[in-house]
Amino acid sequence: MEKRSEMENMGIETVLKKKYSGKKILITGHTGFKGSWLISALNFLGAEIRGYSLHPDKDSLFNLMHCDKVCQSVFADIRAQEKLEYEITQFQPDFIFHLAAQSLVRPSYSDPAYTFEVNSMGTVNVLNSIRKLTKPCVVIVVTTDKVYENREINYSYQENDSLGGYDPYSASKACAEIIASSFRRSFFNAENYNEHKKSVATARAGNVIGGGDWAKDRIIPDLINSLTQKKAVKIRNPGSIRPWQHVLDGLSGYLLLGAKIAGDPVRYSEAWNLGPKDNDTLTVLELVGHAIKMWGTGKYECVNTDDQPHEASLLKLDSTKAMKHLGWVPKYDSRTGIMLTIEWYRKVLVEKISPADITLTQIKSYFSI
């Protein structure tokens, strides 16, 4: 694979520490599930972290792991342009990971305006704010595998395929992709890099799973809640195929992409798929079956979805580009990701191990592979 010699010789942990140790990192949406994992990973890598987000839920992973001890927090709305711009220019970040989002499909039907405001205009606000920075800054805009015009056929989408989105969430994230592309060409053009010193890339990951996700209307939190209450797991779309991936595979992709851009600010500033390998797919029913088996007990029941809003039944990504040019390869297949996810919840909920400790243990294990 192209330019993997550094990582092959030094290992991913050494490479990422070299790029992020002592650097200023701003994370939007840092109080969310992925944001909390990213805080833990960046703290392990030696970065100085500041977050910009709404207040966390009481029982959030952010609070359970006491992330406030290793991260300076600004609690504010991503839609507040002046506040966001002030915080970015005051902090002077080297990297921005833009995770702030309304990240669920079903709630996007209930409040489409809010979804578009947060996911689309929130991205505008971040990118418009960095125009005021006079120093180099790398921005990773985190979107989703759902940004493509999904034909629901057995086809793995590539970065140059048409963007689209059936539901408001998917469409709003496709808008974020177009916004990032527009800012990249209009204000952060590669030809003028020495003048603006900004690099913007987008990262399209799959259906992320991992310990500490408590969000409503997501399969793993629903499953864990049912298992701990000894109730049947209710499955809405048992035959739907998703590109399941462990949270650490997605985050390592974001971090490697940022590291690559820092080394070559022009070449890697574009869109990247970061999904599982093409043959690594499971239906929702298969995921639930594996999870119940790993938990050791439990049952499920399929529920009627005739009156439910549309959700895609088939979606796959082609991540060849990231594997070839970033040297990124998913380390965990979907079954391993499920196993580690169930292990996290069992350690925390049954064995009463600290969420921060098991999260760090899994991060260290991942980076040592």
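Out of the range 101-147, which residues are crowded, with 24+ Cβ neighbours inside 10 Å, closer than 18 Å to residue 184 by Cβ and among the hydroxyl-bearing types (Ser, Thr, Tyr)? Those that are crowded, with 24+ Cβ neighbours inside 10 Å, closer than 18 Å to residue 184 by Cβ and among the hydroxyl-bearing types (Ser, Thr, Tyr): 123, 143. Could you check, for the range 88-96, whether at least one of its residues is buried (at least 18 other Cβ atoms within 10 Å of the Cβ) and within 15 Å of residue 176 (Cβ to Cβ)? Checking the range 88-96: at least one residue is buried (at least 18 other Cβ atoms within 10 Å of the Cβ) and within 15 Å of residue 176 (Cβ to Cβ). Pairing each residue of the range 278-302 that is in a loop (DSSP other than H, G, I, E, B) with any residue that is crowded, with 16+ Cβ neighbours inside 10 Å, provided the two are 6+ apart or on different chains, yields C-beta distances under 6 Å for 278/156; 280/333; 280/334; 281/241; 298/227; 298/292. The single condition from (1) in a helix (DSSP H, G or I); (2) aromatic (Phe, Trp, Tyr); (3) more than 17 Å from the chain's Cα centre (by Cα) that residue 166 fails is (1).
Hey, any hits in the range 75-88 for a residue that's within 25 Å of residue 354 (Cβ to Cβ) and without any contact (Cβ under 8 Å) to a residue 60 or more places away in the chain? Give the steps one after another, and end with the answer.
Residues of the range 75-88 within 25 Å of residue 354 (Cβ to Cβ): 75.
Next, only the ones that are without any contact (Cβ under 8 Å) to a residue 60 or more places away in the chain stay: 75.
Yes, because at least one residue in the range 75-88 is within 25 Å of residue 354 (Cβ to Cβ) and without any contact (Cβ under 8 Å) to a residue 60 or more places away in the chain.
It is to be established whether one or more residues within the range 209-221 are in a strand (DSSP E or B) and within 17 Å of the chain's Cα centre (by Cα). Yes, the conditions are met somewhere in the range 209-221.
Just one residue in the set 269, 252 is part of a loop (DSSP other than H, G, I, E, B), in contact with a Phe, Trp or Tyr (Cβ under 9 Å, 6 or more places away or on another chain) and more than 27 Å from residue 166 (Cβ to Cβ); that residue is 269.
Taken over the range 182-199, the criterion of being under 16 Å from residue 119 (Cβ atoms) and either of a type in the set (A, V, I, L, M, F, W, C) or crowded, with 16+ Cβ neighbours inside 10 Å (or both) is satisfied by 183 alone.
Taken together, 123, 115 contain a single residue that is at pLDDT 95 or above, within 17 Å of residue 200 (Cβ to Cβ) and under 20 Å from the mean Cα position of the chain (by Cα), which is 123.
Which count do you get for residues in the range 234-247 that are within 23 Å of residue 350 (Cα to Cα) and either without any contact (Cβ under 8 Å) to a residue 60 or more places away in the chain or crowded, with 20+ Cβ neighbours inside 10 Å (or both)?
Here is the first cut: in the range 234-247, the residues within 23 Å of residue 350 (Cα to Cα) are 234, 246-247.
Imposing the further condition that a residue be either without any contact (Cβ under 8 Å) to a residue 60 or more places away in the chain or crowded, with 20+ Cβ neighbours inside 10 Å (or both) reduces the set to 246-247.
Final tally of qualifying residues: 2.
In the set (1) within 25 Å of residue 251 (Cβ to Cβ); (2) outside any helix (DSSP H, G or I); (3) touching a residue at least 40 places away in the same chain (Cβ under 8 Å), residue 127 fails one condition alone, (2).
Within the bounds of the range 326-344, is there any residue that is under 30 Å from residue 192 (Cα atoms), of a type in the set (Phe, Trp, Tyr), in a strand (DSSP E or B) and modelled with pLDDT of 95 or more? The answer is no; no qualifying residue exists. Exactly one residue among 260, 299, 316, 347 is surrounded by fewer than 16 Cβ atoms within 10 Å (Cβ to Cβ) and of a type outside the set (Gly, Ala, Ser), and that residue is 299.
Among the conditions (1) out of contact with any Phe, Trp or Tyr (no Cβ under 8 Å at 6 or more places or on another chain); (2) under 30 Å from residue 109 (Cα atoms), residue 309 misses just one, which is (1).
Cβ-Cβ distances below 7 Å connect the following pairs, each with a first residue in the range 51-72 that is among the hydroxyl-bearing types (Ser, Thr, Tyr), a second residue that is assigned to a helix (DSSP H, G or I) and surrounded by fewer than 24 Cβ atoms within 10 Å (Cβ to Cβ), and a separation of six or more residues or different chains: 52/84; 52/87. Among the residues of the range 209-234, those identified as of a type in the set (A, V, I, L, M) and closer than 22 Å to residue 33 by Cα are 209, 215, 219, 220, 223, 224, 227, 233.
The values are calculated or read from the model by the stated rules, or taken from the named source; none is laboratory data. Quick caveat, the model's predicted, so the values are computed rather than measured. In this analysis, Cβ positions are derived from the backbone assuming ideal geometry, glycine residues included, and neighbour counts consider all displayed protein chains.
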